[in-house]
Every structure is written in C-alpha cells, then in structure tokens.
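Undergrad: Before we start, here is the structure in question, set down as structure tokens.
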Amino acid sequence: MCGRFTITKTEQELEKRFGANFYTRVLEARYNIAPTRNSPVLTAEKPFEFQFYRWGLIPFWAKDPSIGLKMINARQDTLAEKPAFRNALQQRRCLVIADSWYEWVVVGHRKQPYRILRKDREAFAFAGLWESWNPAAHAETRVPEQTIHSFTIITAPALKSIASIHDRMPALLLPSVERNWLDPTRSATEAMELLQPYPETELEYYPVSEAVNNARNEDPRLIEAQVPRSHPETGTLF
C-alpha cells in the first residue's frame, strides 16, 4: 500500500518535469503527506495545470466524506470490479505527483520507516483516480457546502528490489506513458495496459526517523538517512 509520501522538489523543478504550471497556489515542500491532506495532481480536465486534491477518494454516491479514509489506495487487480473505482477508471484518471514514499518494517513493537525513491532523486507520478463529491446532494451530511475533489493512489505488487520492505507499492507510471494515462479517449482496458512494472534498477530505499510515524511531523529531517533497527530482509535486530 501507500500511506505517506513526499514532494520535496520546487515548483520550477516540477513544472519542467511535467510540462505543467502552478497557477493558483504556491507549492511548499512536503515531507510527510498523509491521507485527507491536499496534494498536487494532474487531470485530463486541466492537463497542464497542477490542482490540489484531497487524498482519499470520496465516491460521488458517498453519504459522508469520511469514507475517503478507507480509499486512499486502489488495488490494480480489482479496479474494474469495485464500484468505487470502476467509473473513475473509465473517466477520471490522474497523475499524483511525488518524489518518494514511505513503508514500514515491524520490529517487535516498533515500526521502522523506510523512504523509497528513484536513485536519481527525480520526481515521478503515481497512477491515480479522482472524484468530485458534492455535499449539496446529501442533505443529511454536516460538512461545508463546497465540492470536494479527491484522489486515490493505485497500488501494484512490489518490485523484487523493494519487496523486503512491503509486498505492495504505488503504481509508478513511466514518463513516456504519463500523458497517455490521462488521455480520456483511451478505454479503461487500454489504460490498464499502461500499468507496467517499473524498472527494478531505478529504485532504492533507506531507513529514516521514526518521527515519520506521526502524521503531524513535517520537517526536512524526516528524509535524512538513519541507522535502522533491523534488516528489512530478515526482520532481526542488530
């Protein structure tokens, strides 16, 4: 799965990398993005403008936005079957912008976080889906009368090179197919064919501070390498 990620690149770096612009909002470095937080995405509606959507998909038919906490991830192998994702896969695909994500290895009663990223430290895009939820359509809800745009991150089996950390990972799109993923003329079947395994040799990971475990912590020290409490392949203490 994917429960936290980072965006440490500058606006200028991301604009150059994705050929899009930040028109209406200033991007701040993010070292511990957690569910329910807003984060930049690209959609077919505005393919050259970064928009800030809430992490945790809220289907249009949901009675309460809290359902989004259960839909931060969508498994690649069941996308076409799940009612919450099926329609979005057809019509509302997005690029979720990131430059690393965190996973944890349980050691006794503790959780050792690891940061996973490209070896060249470049930004990348998770394959995502998005939805719009209108509270006015659900009179029983007590939330501000404002449409919420939300997203989920698609997950796939982990590459062998990082499987010792977790058995699943975000579906990373190759740069060459990112715009194809957004293309609304592509069918769901054609879009799914774009979700190919990322190159094994391009990713790496290293242990980071357990301060990452607290979603309130947001500090550049979170991505600094630390001495791990265990080896991720064995789970044994040093």
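The values are calculated or read from the model by the stated rules, or taken from the named source; none is laboratory data. This structure is a prediction, so every number in the text was calculated from the model and none was measured. FYI the Cβ positions are ideal-geometry reconstructions off the backbone, even for glycines, and counts take in every protein chain you see.
Undergrad: Checking the condition out of contact with any Asp or Glu (no Cβ under 7 Å at 6 or more places or on another chain) and loosely packed, with under 15 Cβ neighbours inside 10 Å, which residue from Ser39, Ser66 passes?
TA: Ser66
Undergrad: Right, another one. State yes or no: is Tyr206 within 23 Å of Thr6 (Cβ to Cβ), of a type in the set (Phe, Trp, Tyr), touching a residue at least 12 places away in the same chain (Cβ under 8 Å) and loosely packed, with under 15 Cβ neighbours inside 10 Å?
TA: Considered against the rule, which asks whether it is within 23 Å of Thr6 (Cβ to Cβ), of a type in the set (Phe, Trp, Tyr), touching a residue at least 12 places away in the same chain (Cβ under 8 Å) and loosely packed, with under 15 Cβ neighbours inside 10 Å, Tyr206 comes out as yes.
Undergrad: Next question. Among the residues of region 10-64, which ones are basic (Lys, Arg) and in contact (Cβ under 8 Å) with a residue 40 or more places away in the chain?
TA: Of everything in region 10-64, those that are basic (Lys, Arg) and in contact (Cβ under 8 Å) with a residue 40 or more places away in the chain turn out to be Arg17, Arg30, Arg54, Lys63.
Undergrad: A further question follows. From (1) surrounded by fewer than 16 Cβ atoms within 10 Å (Cβ to Cβ); (2) closer than 23 Å to Ala74 by Cβ; (3) charged (D, E, K, R), pick out the condition that doesn't hold for Arg121.
TA: Here Arg121 meets the rest and fails (2).
Undergrad: Quick check on this structure: which one of Arg93, Arg86, Arg75 is modelled with pLDDT of 95 or more and surrounded by fewer than 21 Cβ atoms within 10 Å (Cβ to Cβ)?
TA: Just a single option satisfies the conditions, and that option is Arg75.
Undergrad: Residues Ser164, Ser176: which one is crowded, with 16+ Cβ neighbours inside 10 Å, over 17 Å from the mean Cα position of the chain (by Cα) and among the hydroxyl-bearing types (Ser, Thr, Tyr)?
TA: Among Ser164, Ser176, only Ser164 is crowded, with 16+ Cβ neighbours inside 10 Å, over 17 Å from the mean Cα position of the chain (by Cα) and among the hydroxyl-bearing types (Ser, Thr, Tyr).
Undergrad: Shifting gears a bit: Taking Ala158, is it surrounded by 12 or more Cβ atoms within 10 Å (Cβ to Cβ), out of contact with any Gly (no Cβ under 9 Å at 6 or more places or on another chain) and at pLDDT 95 or above?
TA: Answer is yes for this residue.
Undergrad: Let me ask another. Would you pick out the residues in region 189-203 that are surrounded by fewer than 15 Cβ atoms within 10 Å (Cβ to Cβ), in a loop (DSSP other than H, G, I, E, B) and not polar (S, T, N, Q)?
TA: Hits for region 189-203 are Glu193, Pro197, Pro199.
Undergrad: While we're here: Among the residues of region 89-104, is any over 14 Å from Ile148 (Cβ atoms), of a type in the set (Val, Ile, Thr), touching a helix residue (DSSP H, G or I) at 6+ places or on another chain (Cβ under 8 Å) and touching a residue at least 60 places away in the same chain (Cβ under 8 Å)?
TA: yes
Undergrad: Give Ala137, Ala125 a once-over and let me know the one that is of a type in the set (Gly, Ala, Ser), farther than 17 Å from Ala188 by Cβ and modelled with pLDDT of 95 or more.
TA: After applying the criteria, what remains is Ala125.
Undergrad: Here's another thing I want to ask about it. Does Arg186 qualify as being at pLDDT below 95 and assigned to a loop (DSSP other than H, G, I, E, B)?
TA: So Arg186 fails the test.
Undergrad: If you don't mind, another one. Which condition number does Ala211 fail, the rest of (1) modelled with pLDDT of 95 or more; (2) part of a strand (DSSP E or B); (3) closer than 20 Å to Gly3 by Cβ being met?
TA: In the conditions (1) modelled with pLDDT of 95 or more; (2) part of a strand (DSSP E or B); (3) closer than 20 Å to Gly3 by Cβ, Ala211 misses (2) alone.
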